[in-house]
Amino acid sequence: MSTLAAILDQIIPPSPDGRMPGAGALGLADAIEEAIAGTGGRDWLADNLAAIEAAAQDAHGTSFGELAAQDAEALLRTVDEARPGLVQGMLFPLYIAYYQHPDVARALGHEGRPPHPQGYPLEKGDLSLLDPVRARAPLYRQV
Amino acid sequence: MTEPVDVLIVGAGASGAAFAWSMAETRMNILCLEQGDWMDPSDYPTTGNDWEARRFGDFGLSPNGRSRPEDYPVNDDDSPIKISNFNAVGGSTILYAGHFPRLHPSDFRVKTLDGVADDWPFTYEDLAPYYAQNDQMMGVAGLAGDPAYPPKEVPLPPVPLGTVGERLARGFNKLGWHWWPSDSAIATEEHSDRAPCINLGPCIMGCAQGAKGSTDVTYWPKAVRAGVNLRTHCRVREITVDENGLANGAIYYDAEGREHHQRAEIVVIACNGVGTPRLLLNSKSKAFPDGLANRSGLVGRNLMFHPYAMVTGLFEEPLDGRMGPAGCCMIGQEFYETDPARDFLRGYSFEITRGMGPVGSALFGMSQGLVPWGSGHHDAYAKIVDRTAGMVIICEDLPEEHNTVTLDPDLVDGHGIPAPKVTYRLSDNSQKMLAHASARGRELLEASGAVRCFTDAPLPPAGWHLMGTARMGTDPSRSVLDGVGRSHDVKNLFVIDGSVFPTSGGVNPTCTIQALALRTADYIKKNLDTLLD
């Protein structure tokens, strides 16, 4: 797993019950890299990835991707404190990429497909709830 | 290509379409120039899994962020409310929610009733037949019997309430407040070759089903079949005048950037409350050195938005808010009419807006600090997804001359045409109304069972409704147009978009804009023989 994928897996880790996949394992790293590069953040990302790898080597003598989940999250929080905006700068593209993924949608109990062409059934609702409104005098001003 | 026409319409949006269709029965030579193109519904966002992401890209509301080739930039830095629009056949109806409430009778008598702003030069009753005609053409869903309005028919059954609607309805009832299923330009049944709504959700990113009444699927097919010539990718730079001060056509750029002078006997402008003053102010001549039809000096002045509040509630139990027409569920007008006991004049409407999709839920959770990253992420997210419902609250804006559309001294569009600059301040009345509305919105959500509420007011991207910048009136020194939308200064020049509104009301303006366009067309048809006398 690349450094970026390992970071994404800490930002959105797999859920303890295994129902929700981790963002890194979902294969979103390329999309996130492209999104950040598209807003002029290629160098910013490369610099931060290098900093995280250096911190992992310093603290644990291994690469970030090899760390146990608990150590990886703690280290990412430490580096994020030292480099404000590191994680925040990834959240917007990551949340979009993660939560539009069909596997994630299905894990949420959604359909995991585009809305069109099947659409969705929706209850018409109980229009007898309007009875007290119907009983009111006109609300509009007479002119 | 540029042979003279009888009627030239600039803009193929809500009003241009209605006007063109109505005029087509005259068999006159009618041409509409539109800077955008026909849309392809098979490319609308809901056809892909990335449907929520595209509202930050090619289906965004702001022309500045969207930057399609058809868009023109708008300098809205000096306004807390930013411009939202769309440029295509259908105009902003491509992205509108389809919410279709009429103005109230009192909205036409603001000066008489409340002592502020101006009366309209006609009444609700004068416009009612055109509202009804437009409701049929646009395929309006709703329910007759709303006590907030004079009696009216509604062609199609209402959009579904769903669990969100039912929950909010119980909240309204608990408080004893008015609510009603929204009048919506959404075909809830097959209507005039349109497929019925299948509850896709985000109507504001185009309707891939074709159920929403955008004018590319309502008026335009009928108008084109009846002989109206609709020419796309044509951006008008200015309206030209002859030696007698009459409009005689328009200079425009075609798809290849070539300049043309299209001559016409009658010119009709339908470019919205920002595009229309921009075009008029760009149309300078010896007879009109300050811009066409601007002897009053009021072209571009009195810009009105509808200041919006958005109130979102978080609920403990799952709701179905990601499904169904997002902007049209129900309307509440308990606080619509002026109440002397309140500290502001005029009023507002609650518009229940259902909930969010999975991406929207995550971004909402992020922005509100509700969803952390890391090991607590999934538990926190699970408390938000499918558990939001809320509303936008649409407040009446009153006209003020210092709120303006002018020409930006530096900014130009892709053809080098000076772009509009918007200067706008929220009035004291609007701020008080927003505060009242936000508090009542929270009260409603709490009565409906919300455990937390979140308010955003004024809602920055809510510059959807652009009104007042070429206002109608009876006094040529106090208005740009007469009571049928004809320029006081140029008798063969008409304006038919939201620019013409003397006041804004507290509801979405599209059905009123279209009813006015039909009324103007009716006037022209009935007075063709003497129109230019």
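Some points to look at:
- Think of the stretch A:3-113 as having a plus end and a minus end, set by charges on the Cβ of Lys, Arg, Asp and Glu; of A:Leu8, A:Pro84, A:Ala54, A:Leu8 sits farthest toward the positive end of this dipole.
- Taking the Cα centre of the protein assembly as shown as reference, the dipole from Cβ charges on Lys and Arg (+1) and Asp and Glu (-1) amounts to some 1400 debye.
- Seen from all directions on average, the stretch B:175-293 presents a Cα convex hull projection of 12.4 nm².
- Computed 3J(HN,Hα) for the stretch B:44-58, one whole-Hz value per residue from the Karplus formula 6.51 cos²θ - 1.76 cosθ + 1.60 where θ = phi - 60°, is 5, x, 5, 7, x, 5, 8, 4, 6, 5, 6, 6, 9, x, 6, glycine and proline marked x.
- Table column - 3J(HN,Hα) (Hz), the stretch A:47-56, Karplus curve with 6.51, -1.76, 1.60, x for Gly and Pro: 5, 6, 4, 5, 5, 5, 4, 4, 5, 5
- Size descriptors for chain A, from the alpha-carbon set: Rg then Dmax equal 23.3, 81 Å.
- Taking amide H atoms as placed 1.01 Å from N in the peptide plane, the amide H of B:Cys32 lies under 5 Å from those of B:Ile9, B:Asn229, B:Leu230, B:Arg231, each 5 or more residues away in sequence or on another chain.
- Over 20 Å (Cα to Cα) - which of B:Lys491/B:Lys526; B:Lys82/B:Lys421; B:Lys284/B:Lys525; A:Lys124/B:Lys222 fall in this group: B:Lys284/B:Lys525; A:Lys124/B:Lys222
- Compared with the dominant Cα axis of chain B, that is its longest principal axis, helix B:124-138 is turned about 80°.
- Judged by the mean number of other Cβ atoms found within 10 Å, the most tightly packed of the peptides B:270-277, B:470-477, B:14-21, B:320-327 leads the ranking B:14-21, B:270-277, B:320-327, B:470-477.
- Working from Cα pairs under 8 Å separated by at least six residues, relative contact order for chain B is 23 percent.
- Both radii are taken from the alpha-carbon atoms of chain B; with Rh as the Kirkwood radius, Rg/Rh is 0.96.
- Relative contact order, percent, the stretch B:340-424 [alpha-carbon distance under 8 Å, six or more residues apart]: 30
- Comparing the full protein assembly with the isolated chain (1.4 Å probe, heavy atoms, ligands and nucleic acids excluded), the residues of the stretch B:152-198 losing at least 40 square angstrom of accessible area are B:Pro160, B:Leu161, B:Glu166, B:Asn173, B:Trp179, B:Trp180, B:Ile198.
- Using alpha-carbon coordinates, inclination of helix B:510-526 to the longest axis of chain B, degrees: 20
- The Cα-based radius of gyration and maximum Cα-Cα distance (Dmax) for the protein assembly as shown are 26.2, 91 Å.
- If the convex hull is drawn through the Cα atoms of the stretch B:163-203, its volume per residue in Å³: 90
- The stretch B:297-339: proportion of alpha-carbon pairs further apart than 16 angstrom, %: 67
- Whole-Hz Karplus values for the stretch B:400-411 come out as 9, 5, 7, 8, 9, 10, 10, 8, 5, x, 10, 6 Hz, taken residue by residue from phi with 6.51 cos²θ - 1.76 cosθ + 1.60 and θ = phi - 60°; glycine and proline positions read x.
- The stretch B:236-295 - Kirkwood radius from inverse mean 1/r over Cα pairs (Å): 11.8
- 13 Å beta-carbon shell around B:Leu113, net charge (K/R +1, D/E -1): -3
- The packing ranking, built from the mean of other Cβ atoms within 10 Å per residue, places the peptides B:290-297, B:494-501, A:40-47 in the order B:494-501, B:290-297, A:40-47, highest first.
- Whole-Å distance, taken between Cα centres, linking the stretch B:330-344 and the stretch A:34-55: 52
- Dipole of chain B, positive end: most advanced residue of B:Ser479, B:Cys197, B:Ala362 [Cβ charges, Cα centre]: B:Ala362
- Helix axis angle, B:428-447 relative to chain B longest principal axis, alpha carbon, degrees: 40
- Bridgeable aspartates and glutamates around B:Lys286 (alpha carbons under 13 Å apart, same-chain partners fewer than 8 residues away excluded): B:Asp242, B:Glu243.
- The protein assembly as shown - accessible surface per residue (Å², probe 1.4 Å): 36
- As a length-normalised measure over Cα pairs under 8 Å and 6 or more apart, the relative contact order of chain A settles at 22 percent.
- Using a 1.4 Å probe over protein heavy atoms, the accessible area lost on pairing B with A, summed over both chains, comes to approximately 5000 Å².
- Equivalent ellipsoid semi-axes, the stretch A:39-113, via Cα gyration tensor eigenvalues times 5, rooted, Å: 28, 17, 10
- The stretch B:404-497 - charge dipole about Cα centre, Lys and Arg +1 at Cβ, Asp and Glu -1, debye rounded to 20: 260
- Electrostatic dipole magnitude of the stretch A:3-113 [Cβ: Lys, Arg +1; Asp, Glu -1; Cα centre; debye, to 20]: 360
The values are calculated or read from the model by the stated rules, or taken from the named source; none is laboratory data. Bear in mind the structure is a predicted one, so any value in this text is a computation, not a measurement. Cβ atoms come from the backbone with ideal geometry, glycine included; neighbour counts cover every protein chain shown. The accessibility values were calculated without ligands, DNA or RNA, using every heavy atom of the protein model including side chains. Shrake-Rupley method; radii C 1.70, N 1.55, O 1.52, S 1.80 Å.
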